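Please treat every number below as a calculation from the coordinates, not as lab data. All values derive from a computational prediction rather than experimental measurement. Cβ coordinates were reconstructed from backbone atoms using ideal geometry, including for glycine residues, and neighbour counts include every protein chain displayed.
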Amino acid sequence: MPDGTMTPTFTAPGLTAQELEVARLIVSALSLEVAPEAIEPEAPLFNEGLGLDSIDALEMALAVSKAYDVKLRSDDERNHRIFASLRSLTAHIEKHRTR
Amino acid sequence: MPLVDRELAEVICHRPAGPVTVGRLLGEARALAARLPATGHPINLCADRYRMLLGFVAALMRGHPTLLNADASPHRLRALAEAYLGTYLLADKPVASDMPLVLVEDGAAEEWTGPVPMLPARQLAAIAFTSGSTGQPTAHLKPWDALVAAALAAAERFALRPGDGPASSVLATVPPQHMYGFETTIMLPLQAALACHAGEAFFPSDVLDALDGLPERRLLVTTPLHLRALLAERRRPAPLAAVISATAPLAMSMAEAVERDWGAPMLEIYGASEAGSMASRRTALEPDWLPYSGIRMGQSEVHVPGLGVVPLADAVEPAPGGRFRLLGRRADLVKLGGRRASLAELNRVLAEVAGVEDGVFVAPEDIERNPAARLSAYVVAPGRSAEEILAALRLRLEPVFLPRPLVLVPALPRNGLGKLTRAALDGLRLAMAAP
C-alpha cells in the first residue's frame with residue numbers, strides 16, 4: 001500500500017506492457033507530474049495515491065474512449081472497482097477494447 | 001406559500017423504477033419527516049436526485065434548513081457540526097462518520113391527498129456555501145421565498161410554466177448540492193412543470209443513455225467541462241429542447257457545435273452561490289445577458305428578490321435592451337470545476353505549510369476558456385519535496401485547487417517592493433519549461 005510519500009522511482013514496479021501503455025495515456029491526458037513508470041499499479045488513482053479528482057475522471061474517460069473505444073460509466077458499483085487502481089482500469093480496458 | 005406549486009398527479013421525478021408523482025413524493029416525505037430529529041440542520045449528501053429531493057422536502061416539512069454540501073470528508077463534516085446546532089446526515093448510503101445519520105430509503109408510504117403543505121415565506125430553507133479554499137467556507141442563507149422567486153423566474157425564462165407546453169424533464173451533470181444543480185433540479189421541479197432525472201449521470205455515455213430514457217421535452221443542465229466531453233463522443237443525443245450551461249464561461253466554438261450538431265438552443269446561465277441564477281443568454285446569438293424577472297443588476301452588486309443586495313464577483317456594465325455585459329472576474333478570484341477561490345487565500349494556505357519559505361499560486365492564461373485548466377504553484381521550500389507539500393495542501397484545499405504542477409524553485413523573482421509581477425512569473429514559467 002502507498003504510504004503517501006511516493007518517492008519517485010524509475011525502476012518499473014512491475015507494470016505490465018498494457019499497464020504502462022495506460023499509465024502513459026493517463027499521464028499525458030492529465031498532464032501529471034509523474035513518470036508513467038513510477039505509478040504504482042495497485043495504488044488508488046483518486047484522492048490518495050495519484051490524487052485525481054472528478055475533472056480528471058472526465059478527461060480520463062475522454063482519453064480512454066479515444067484510444068480504445070471503451071466507454072467508462074458510473075452507473076453501478078463496478079465503477080469503484082474499475083477506478084480503484086491502474087491495474088483494475090487496465091484490466092477493464094483490456095476486456096472491453098475494440099481497438 | 002405552497003411547498004409544491006403543482007398538481008398531485010403530475011410527475012416530479014423519473015426513477016429507474018418509473019415516474020414518481022408529486023403525491024407520492026409528499027407521502028414519502030411525510031414518512032421520512034417523522035423519522036427526523038426534533039430540531040437540527042440536515043447535511044443532505046444524497047447522490048440520487050430523488051432522495052436528495054425527498055430529504056429536502058422532509059426537512060422543509062419539519063422546518064429544518066438543509067445544508068447544501070456534498071463533501072463527506074471527515075474534516076468538512078466536523079466543521080459543519082461545529083458551526084450549526086444539531087447537524088445530522090441525510091444520506092442514501094452509509095457514511096464513515098459518527099454524526100447522527102438518517103438513511104433516505106424507498107419505503108412504502110401512503111400517497112399524499114388533500115391540500116399541499118404550506119411554508120412560511122421567510123422560512124430558512126437551505127444554506128449554500130462558497131469556496132472551501134481556506135477550510136472555512138462562507139454560508140449563504142436561502143429563505144423559502146427567495147428560492148421560489150428564483151425558480152419562478154427561471155420557469156418563465158425557459159418556458160417551463162404550466163401553460164408553456166408539455167411538461168419537461170431535466171437531466172443534470174451537476175450535483176444537487178451545488179447551487180446551480182439545486183436550483184435547476186430540486187427547486188424547479190417543485191415549482192414548475194418539470195421532472196428531474198434521479199440517477200447519477202457523470203460520464204458521457206451515462207449522460208447520453210440517460211437522455212434516451214427520458215420523455216420529451218428534454219433539458220440538459222451541464223457545464224463547459226462536461227459539454228466538451230459530451231461533444232467529443234460524436235454521438236448525437238436524443239432530441240433536446242435546450243442545453244443549459246453554467247459555472248464557467250462557455251467557449252463560442254462549443255456553443256456553436258451544440259446548436260449545429262445537436263440542433264438544440266445552447267443557453268448559458270449567469271449565477272453565483274450567493275445570489276443564485278441571475279440572468280441567461282443564448283450564447284451563439286447573444287453576447288449580452290438578460291436578467292431574470294425581478295433581478296436588478298448594479299455594477300458590482302445585484303438586487304435579488306428575497307435576498308436583497310448581494311455583492312458580485314464579476315464586473316458588470318449595462319448593455320442595450322435591459323441586458324448587461326460581463327467584464328470579467330476580479331483579478332484575484334479563480335474559478336475551477338465550479339468552485340471559486342481567491343489566489344491570495346490560496347497563497348496564505350501555501351505559506352502556512354511547514355517548511356515553505358515562499359510560494360505563489362499562478363492561474364494559467366486560458367483559465368476562463370479551458371474547462372480543464374489547472375493552477376500551478378512555485379514554491380521555495382529547502383529540504384522539502386513537492387510530494388510532501390502537496391500532501392499538506394491536500395488536507396487544507398479542495399482537490400481542484402491543488403497545483404499541477406507544483407514546482408520547487410530556489411527563489412521567487414520578487415521585485416524591490418517584494419512583489420511578484422506577472423512578467424516575472426511568466427519568465428519563471430518559461431525558464432522551468434525549458435529543457
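Along chain B, counting only trypsin sites (Lys or Arg not before Pro) with a DSSP assignment other than H, G, I, E or B and at most 13 other Cβ atoms inside a 10 Å radius, the longest segment between sites is B:123-233. For chain B, the Cα-based Rg and Dmax, in that order, read 22.6, 74 Å.
Once you sort the root eigenvalues of the Cα gyration tensor of region A:17-96 as a ≥ b ≥ c, which label holds: rounded (a/c under 1.5), prolate (a/b larger than b/c) or oblate (the other case)? Taking the square roots of the gyration eigenvalues as a ≥ b ≥ c, region A:17-96 is rounded.
Order these by the 10 Å Cβ neighbour count, fewest first: B:Leu36, B:Leu336.
On the way: B:Leu36 19, B:Leu336 23.
Listing B:Leu36, B:Leu336 from fewest to most nearby Cβ atoms yields B:Leu36, B:Leu336.
Averaged over the residues of A:60-72, the number of partner chain Cβ atoms lying within 10 Å of the residue Cβ comes to 3. Dividing the summed helix terms, -39500 (n - 2.57) for each DSSP H run of n ≥ 4, by the number of residues in chain B produces a 222 nm estimate of -8000 deg cm²/dmol to the nearest 500. Summary value for region A:17-96: 35 percent relative contact order, contacts being C-alpha pairs under 8 angstrom separated by 6+ residues.
Only beta bridges with both residues in chain B are counted; by DSSP, about 60 percent of them are antiparallel. All other residues whose Cβ lies under 11 angstrom from that of B:Leu141 are scored, Lys and Arg at +1 and Asp and Glu at -1, for a net of +1.
Modelled spin labels at B:Leu124 and B:Ala72, positioned 7 Å past Cα toward Cβ, are 2.6 nm from each other.
With contacts taken as Cα pairs under 8 Å at a separation of at least 6 residues, region B:11-329 carries a relative contact order of 14 percent. Taking the Cα centre of region A:17-96 as reference, the dipole from Cβ charges on Lys and Arg (+1) and Asp and Glu (-1) amounts to some 300 debye. Each of A:Phe83, B:Phe203 has some number of other Cβ atoms within 10 Å of its Cβ, and from fewest to most they run A:Phe83, B:Phe203. Per-residue Karplus couplings for region B:249-263, computed as 6.51 cos²θ - 1.76 cosθ + 1.60 with θ equal to phi - 60°, are listed in order as x, 8, 5, 4, 4, 6, 4, 5, 5, 5, 4, 7, 7, 9, x Hz, Gly and Pro entered as x. Scanning residues 5 or more positions from A:Leu52 or on other chains, those with amide H under 5 Å from its amide H are A:Phe46, A:Asn47, with H placed 1.01 Å from N in the peptide plane. Inter-label distance, B:Arg235 to B:Ala319: 3.5 nm, where each label sits 7 Å from its Cα along the C-beta direction. Suppose we keep just the DSSP beta bridges with both residues in the protein assembly as shown; what percent of those would be antiparallel, to 5? Once the DSSP bridges in the protein assembly as shown are tallied, antiparallel ones form about 55 percent. Amide H contacts of B:Cys196 (H built 1.01 Å from N, in plane; Pro and chain starts excluded): B:Cys13, B:His14, B:Val170 sit under 5 Å, all sequence-distant by 5 or more or on other chains. When DSSP beta bridges are restricted to pairs lying wholly in region B:333-433, around 75% turn out antiparallel. With each label modelled as a point 7 angstrom along the Cα→C-beta vector, the A:Ser28-B:Thr421 pair spans 3.9 nm.
Proximity of backbone amide H atoms, modeled 1.01 Å from N, is registered between B:Gly359 and B:Val380 at under 5 Å, excluding neighbours fewer than 5 places apart on the same chain. Relative to the longest principal axis of the Cα atoms of chain B, helix B:386-396 runs at roughly 40 degrees.
At full extension, B:Leu85 and B:Thr39 could sit 15.7 nm farther apart than now, given 0.36 nm per residue minus the alpha carbon distance.
Determine the alpha carbon to alpha carbon distance for each of B:Lys335/B:Lys419; B:Lys93/B:Lys142; B:Lys142/B:Lys335; A:Lys71/B:Lys142 and list only those over 29 Å.
A:Lys71/B:Lys142
Over chain B, with a Gaussian network built from C-alpha contacts below 10 Å, which listed residue (B:Ala238, B:Ala192, B:Ala17) shows the highest mean-square fluctuation? Its mean-square fluctuation being the largest, the pick is B:Ala17. Counting other Cβ atoms within 10 Å as a rough exposure proxy, the listed residues A:Glu42, B:Glu345 run A:Glu42, B:Glu345 from fewest neighbours to most.
Here the Karplus curve 6.51 cos²θ - 1.76 cosθ + 1.60, taken at θ = phi - 60°, turns the phi angles of region B:275-291 into couplings of 9, x, 5, 10, 6, 8, 7, 9, 3, 5, 10, 10, x, 10, 9, 9, x Hz, with x standing for Gly and Pro. Straight-line reach from A:Lys66: taking Cα to Cα under 12 Å and skipping same-chain neighbours fewer than 8 places apart, the aspartates and glutamates in range are B:Glu233.
Computed from backbone phi with θ = phi - 60° and the Karplus coefficients 6.51, -1.76 and 1.60, the 3J(HN,Hα) list for region B:163-180 is x, 7, x, x, 4, 10, 10, 10, 10, 10, 9, 9, x, x, 8, 7, 3, 5 Hz; x is used for glycine and proline. Within the shell defined by Cβ-Cβ distances under 15 Å, the residues around B:Val380 carry a net charge of -2, with Lys and Arg each +1 and Asp and Glu each -1. Less than 18 Å from a label point 7 Å out along the Cα-to-Cβ axis of B:Arg330: which backbone N atoms in region B:267-309 qualify, by residue? So the set is B:271-276, B:297-304, B:309.
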